[in-house]
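The values are calculated or read from the model by the stated rules, or taken from the named source; none is laboratory data. Just so it is clear, the structure is predicted and the values come from calculations on it, not from any experiment. A quick note on method: Cβ atoms are made from the backbone with ideal geometry, for glycine too, and the neighbour counts reach across all protein chains shown.
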Amino acid sequence: MRLDGKVCIITGAGSGIGRAAAELFAKEGAIVIACDVNETSYENPNIHFYKLDVTDRNRIAEVVKDVVEKFGKIDVLVNNAGITRDALIQNMTEEDWDKVINVNLKGVFNMTQAVVPYMLEAGKGSIINTSSVVGVYGNIGQTNYAATKAGVIGMTKTWAKEFARKGAQIRVNAVAPGFIKTPMTEKVPEKILTMMAEKAALKRLGEPIEVAYVYLFLASDESSYITGQVIGVDGGLIL
Ligand code: NAP
């Protein structure tokens, strides 16, 4: 199996892309640490749920310590948790700006800062950050979200250089999905989704599993010479 025995933390694993990834990783032999703000359960006994908010640094420290005590290591971190609070900049409240920055940007910083010491000690690991086409090309009504998803790309490239500095095989990559059918996009008006599907070369929206397969590749040793990259999973939306 492609992730045999690897200990993989996935944030935002209760729903959408994160949930598809948790189930796929477990099927591929991983011990999955599925973290989400909302209580949930999974059928596969190799998925261990932890209630965790990526903005809560104390809770993150507690969970990471517990995972290392129980499973001995952390091989993979998927920073997948994310939210939207859309509005044109003229109408965007400071609260909605702060909330999105805290979860999508600082949350990735919080998780990585807690996990990377264990990867550095082991001299290996894979970190996967979830960006978005919006972080590369912008989108009307998403000032806060676009800022975080562009920031995630900056952190990805910085960490790819920083964590490998002493020869550690720690790879850091970002995935930039287009429009994927999840509870997050249920909030997007149908008219926009139809337009985005039309604009994509493949003429449809994506499924969560289609992003999860790219996470799987980046988590596995099959991608051992890939680092600092941003991989688009958008059906050819941006060409
Ligand atoms: P989703 O279905 O809403 O799943 C995200 C999960 O993360 C939800 O369970 C959510 O809980 C949880 N979450 C929210 N805040 C959290 C926090 N502070 N700590 C831990 N978990 C938290 O969204 P998705 O579409 O699968 O998105 C997954 C990732 O892909 C996100 O980073 C998103 O920005 C990115 N992405 C998605 C698309 C798309 O088209 N769907 C496109 C590009 C990028 P709540 O439901 O309570 O918020």
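Residues of region 47-66 that are among the polar types (S, T, N, Q), over 18 Å from the mean Cα position of the chain (by Cα) and surrounded by 15 or more Cβ atoms within 10 Å (Cβ to Cβ): none at all. Put simply, of 20, 87, 34 the only residue that is touching a helix residue (DSSP H, G or I) at 6+ places or on another chain (Cβ under 9 Å) and more than 21 Å from residue 187 (Cβ to Cβ) is 34. All conditions but one from (1) within 10 Å of the ligand (Cβ to nearest atom); (2) more than 25 Å from residue 101 (Cβ to Cβ) apply to residue 60; the one that does not is (2).
With the requirement that a residue be within 12 Å of the ligand (Cβ to nearest atom), in a loop (DSSP other than H, G, I, E, B) and either surrounded by fewer than 24 Cβ atoms within 10 Å (Cβ to Cβ) or over 17 Å from the mean Cα position of the chain (by Cα) (or both), what does region 1-34 give you?
Step one: filter region 1-34 for residues within 12 Å of the ligand (Cβ to nearest atom), giving 9-22, 34.
Checking which are in a loop (DSSP other than H, G, I, E, B) leaves us with 12-15.
Of everything in region 1-34, those that are within 12 Å of the ligand (Cβ to nearest atom), in a loop (DSSP other than H, G, I, E, B) and either surrounded by fewer than 24 Cβ atoms within 10 Å (Cβ to Cβ) or over 17 Å from the mean Cα position of the chain (by Cα) (or both) turn out to be 14, 15.
Among the residues of region 78-102, the ones that are hydrophobic (A, V, I, L, M, F, W, C), closer than 23 Å to residue 12 by Cα and in a loop (DSSP other than H, G, I, E, B) come to 2 in all.
For residue 224, the stated conditions hold: it is modelled with pLDDT of 95 or more, more than 10 Å from the ligand (Cβ to nearest atom), among the polar types (S, T, N, Q) and loosely packed, with under 15 Cβ neighbours inside 10 Å.
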